[in-house]
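We did not get these values from a lab; they are worked out from the coordinates using the rules stated. On a predicted model such as this, the values are computed, not experimentally measured, just so you know. Here Cβ is always computed from backbone atoms with ideal geometry, including for glycine, and neighbour counts include all displayed protein chains.
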Amino acid sequence: MEFYATLGASCASPGVLDGLFRAGMTGARLNLSHTSLARCRALLQEAYWPAARRAGRPGAHLILDMQGPELRTGPLPTPLSLREGEQLLLGRGGVPVPQAVLEAAGPDQQLSIDDSAILLQVRRPVPGGLLCQVLRGGTLRGWKSLALLGAEVDAPVLTPSDLDNLSLAGQAGVTHILQPFVRGRRDLEVLRQTLDSLGLRQVQIIAKIESPRGVERLEEILPAANQICIARGDLGNAIPLWKLPGLQKDIARRCRAQNKPFCLVTQLLWSMEQRPVPTRAEVCDIYNGVLDGASSLMLTGETAAGAWPVQAMDYLVRTAREAMAELAAGEKE
């Protein structure tokens, strides 16, 4: 089984990376919604790959999580504290958002930000932007996920920055591409053609299922992907949250039926961004995900920005191995 961390400030030092590998990490993800492969060159060459070699894992995985058609807010000079009932401007003179969002959102449209932590409702369009009311407040930082609830926003499969990053993927040792918001087989064909043109035929494609459209077209996506990723963050934005567990199990069942490996990601150990011990619900979630057939598990903010990255990986691996032992015992019976 594969155990992935997300690289970030909390695990950028050689010592922490050594600890993650000792805990059982088998690879790492770079979230290119927040950075670029060029800016991460030193992290990879001077910290990640040396740590992999010291751990006896020179073949560790390196996963690029592309920008793709994912929607995010833009940069903010300082965090914004948003209170319920106040107004917020998106677009020119306010919080930067993609132009496609400004064009697609109309009055009363609800927008979810940062995996539903913040909820806005459009009041009216204004020149170059949208005037919104805060329905659910919180602290807004730059580069957070953004979703128009109940609406689709057209966006290209690969952005110009994605193409720049892919051009450096071979020399960086990239083994997998995590393609966000896959909408159908065609998205993966475009990515595969691009990889092949760059001499990256050996690089595997992991299709992130994180929208109703991706779920609806899963049967055509499955043959075109090397692996599936059940990305619960944005998927949980797009549907009522209480429906997410059943949908996760349905995707897992369909992957098993096609012998397609799948990865489980988002908030596996979310509480460990701040606490050294996870909740009981979190370890049960991991255990059940393994019993449902997950071939890999991925931590995100827990290792990228959390206070306890090594401890989070340790709990992830230990919990998963307990579940694997139960599966193995069941097979012997």
query: If you build a Gaussian network model of the chain, linking Cα atoms that sit under 10 Å apart, which residue out of Gly19, Gly93, Gly106 swings the most?
result: Gly93
- prompt: For the stretch 170-273, what is the relative contact order in percent, using Cα pairs closer than 8 Å and at least 6 residues apart in sequence?
  reply: 25 percent
message: Run the numbers for Gln121 and Ser13: contour at 0.36 nm per residue of separation, minus the present Cα-Cα distance, in nm.
response: 34.8 nm
Other-chain or far-sequence residues with amide H under 5 Å of Gly129's (modelled H): Arg92
- prompt: Under 30 Å Cα-Cα from Lys243, which lysines qualify once same-chain neighbours fewer than 8 residues away are excluded?
  reply: Lys144, Lys208, Lys260
statement: Once phi for every residue in the stretch 159-175 is put through the Karplus expression 6.51 cos²θ - 1.76 cosθ + 1.60 (θ = phi - 60°), the whole-Hz ³J(HN,Hα) values, with Gly and Pro written as x, are 7, x, 5, 4, 5, 4, 5, 5, 5, 9, 5, x, 6, 7, x, 5, 10
- request: With θ set to phi - 60°, apply the Karplus curve 6.51 cos²θ - 1.76 cosθ + 1.60 along the stretch 225-234 and write out the HN-Hα couplings as whole Hz, x wherever there is a Gly or Pro.
  value: 10, 6, 8, 10, 10, 7, 9, 6, x, 6
- request: May I ask for the longest run of the chain untouched by trypsin sites (Lys or Arg not before Pro) that are loop-located per DSSP and have at most 15 neighbouring C-beta atoms (other than their own) within 10 Å?
  value: 202-333
query: For Met272, what charge total do you get from the other residues with a beta carbon under 15 Å from its beta carbon, if Lys and Arg give +1 and Asp and Glu give -1?
result: -2
- request: Springs between alpha-carbon atoms under 10 Å, Gaussian network over the chain: tell me which of Ala28, Ala224, Ala281 tops the mean-square fluctuations.
  value: Ala281
field: Alpha-carbon radius of gyration plus Dmax, which is the widest Cα pair, for the stretch 191-333 in Å
entry: 16.1, 49
statement: Which of (i) 1.19; (ii) 0.99; (iii) 1.04 is the computed Cα Rg over 2.2 N^0.38 Å? It is (ii)
- prompt: Assigning unit charges at the beta carbon (Lys, Arg +1; Asp, Glu -1) and nothing else, what dipole magnitude in debye, to the nearest 20, does the chain show about its Cα centre?
  reply: 280 debye
- prompt: Taking K and R as +1 and D and E as -1, what net charge do the other residues with C-beta under 11 Å from the C-beta of Leu130 add up to?
  reply: +2
statement: When the chain is treated as a Gaussian network with springs between alpha carbons less than 10 Å apart, the largest mean-square fluctuation among Gly138, Gly184, Gly233 is found at Gly138
- prompt: Can you list residues whose amide H is under 5 Å from Val182's amide H, if they're 5+ apart or on another chain and H is modeled 1.01 Å from N?
  reply: Lys208, Glu210
query: Can you give me the relative contact order of the stretch 96-207 as a percent, contacts being Cα pairs under 8 Å and 6 or more apart?
result: 20 percent
query: Whole-Hz Karplus ³J(HN,Hα) for the stretch 193-210, in order, using 6.51 cos²θ - 1.76 cosθ + 1.60 and θ = phi - 60°, x for Gly and Pro?
result: 4, 5, 4, 4, 5, 9, x, 10, 5, 7, 6, 8, 10, 10, 8, 7, 9, 8
